[in-house]
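Input: a single structure, listed below in structure tokens.
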Amino acid sequence: MQTVLDRFKAIRWSYADKDTAAGDEMRRRIAEAARKNKLIRYSDLIAGVTFRLPNVAGGEPFQIDPFDWSDLDRAILGDYLGYLSLETYERHGFIASALVVSKSDDTPSDGFWNLMKLLELVKNPKTDKAMFFWSDEVSKAREWYLAHPDRDV
């Protein structure tokens, strides 16, 4: 039987493993929010982050407009958040992307829930059980970041 970590490691990353500087900045922002006992919105997470991806825009540097999301923008951000969550899950047992939310309702997007379903951690995101799962991941992440003020992962 496959474990959650096995399922995580089976994912092929299209973007996040190709530009570590952008990932480092997102890690830092997530950690900073957690240490302030806050969540971070997707738009605040990527605002001003410069991406250099060989498979996007011919490798030229670009930024995601936090006020005009394209499907590609969502795919790139989702890939990074999944990858960062793999790191924190593998090393520390929590899913860092639980701290990143939509500005419309301060809950995770469909991308988060789709990843949780893929990992077989949640069956239906529209249930109380799913919300308890998310809340627990937020708590675990905050506790870890508070206990490790000098580390982002």
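Here are some notes:
- Apart from one condition, Thr88 fits all of (1) among the hydroxyl-bearing types (Ser, Thr, Tyr); (2) in contact with a Phe, Trp or Tyr (Cβ under 6 Å, 6 or more places away or on another chain); (3) modelled with pLDDT under 95; the exception is (3).
- From the options Gly78, Gly48, Gly82, residue that is of a type in the set (Gly, Ala, Ser), touching a helix residue (DSSP H, G or I) at 6+ places or on another chain (Cβ under 9 Å), part of a loop (DSSP other than H, G, I, E, B) and under 20 Å from Ala33 (Cα atoms): Gly48
- Every residue from segment 94-132 that is surrounded by 18 or more Cβ atoms within 10 Å (Cβ to Cβ) and over 21 Å from Ala16 (Cβ atoms): Val122, Pro125, Ala130
The values are calculated or read from the model by the stated rules, or taken from the named source; none is laboratory data. Values in this document were obtained by computation on a predicted structure and should not be read as measured data. Cβ sites come from the backbone with ideal geometry, for glycine too, and all protein chains shown count toward neighbours.
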